[in-house]
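The values are calculated or read from the model by the stated rules, or taken from the named source; none is laboratory data. Fair warning: this is a prediction, and the values are worked out from it, not measured in the lab. Every residue, glycine as well, gets a Cβ built from its backbone with ideal geometry; the counts of neighbours run over all protein chains shown. With ligands, DNA and RNA removed, areas are computed over all heavy atoms of the protein, side chains included. Shrake-Rupley method; radii C 1.70, N 1.55, O 1.52, S 1.80 Å.
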Amino acid sequence: MFVLGNFVDALASVVNILLTIMYWLILIRALISWVNPDPFNPIVQFLMRTTEPVLEPVRRLLPPLPIDLSPLIVFFIIVFVQKFLVASLYDLALRLH
């Protein structure tokens, strides 16, 4: 049973790392958007390509507003998933050891 516990522990770690990376990418994109970035910059293009699939569905659910609140809502979702799902996976892994 310890093998399954190790697998769940590793899964929780990977999910936590991916969520943290997505959090930082969205934060950097939001900060860069304040300075009117060059859309042909490879870094800006990378940020747009990696964060748009996450932000666009949230943006479609929100009513039209003068300010884009989708990054803030995605931050709340990421924190919720980290505190609920990742913590639950760590607890499950601990019980399986």
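Given a 1.4 Å probe, how much area per residue of the chain is accessible, in Å²?
Each residue of the chain exposes 73 Å² on average to a 1.4 Å probe.
I'm spelling it out carefully: the read-out is Rg/Rh (Cα atoms, Kirkwood Rh), the candidates are (1) 0.98; (2) 1.33; (3) 1.11, and one was derived from this structure. Which label?
Computing Rg/Rh (Cα atoms, Kirkwood Rh) and matching it to (1) 0.98; (2) 1.33; (3) 1.11 gives (3).
For the chain, with only Lys/Arg (+1) and Asp/Glu (-1) charged at the beta-carbon, what is the dipole magnitude about the Cα centre, in debye rounded to 20? Can you show the working numbers first?
On the way: 6 positive and 6 negative charges, 23 e Å.
I would put it at about 100 debye.
Using θ = phi - 60° and the Karplus relation 6.51 cos²θ - 1.76 cosθ + 1.60, list the HN-Hα couplings for segment 60-77 in order, rounded to whole Hz, with x at every Gly or Pro.
Using θ = phi - 60°, the values come out as 5, 7, 7, x, x, 10, x, 10, 7, 9, 4, x, 5, 5, 5, 4, 4, 5 Hz.
What does the accessible area of residue 20 come to, in Å² to the nearest 10, when a probe of 1.4 Å is used?
50
I'd like the accessible area for residue 19: 1.4 Å probe, protein heavy atoms, all chains in place, Å² to the nearest 10.
30
What list of ³J(HN,Hα) values in whole Hz, one per residue of segment 10-24 in order, does the Karplus curve 6.51 cos²θ - 1.76 cosθ + 1.60 (θ = phi - 60°) give from phi, with Gly and Pro shown as x?
5, 4, 4, 5, 5, 4, 5, 5, 4, 5, 5, 4, 5, 4, 5
Give me the percent of accessible area attributable to carbon and sulfur for the chain, probe 1.4 angstrom.
75
Between 70, 13, 33, which gets the highest mean-square fluctuation from a Gaussian network model of the chain, Cα cutoff 10 Å?
For the chain, modelled as a Gaussian network with Cα springs under 10 Å, the answer is 33.
Would you list 34, 24 from the most to the least accessible area, probe 1.4 Å?
These residues rank, largest area first, as 34, 24.
Among 40, 79, 20, which residue has its Cα furthest toward the positive end of the charge dipole of the chain, with +1 on Lys/Arg Cβ and -1 on Asp/Glu Cβ?
Final value for the positive-end residue is 79.
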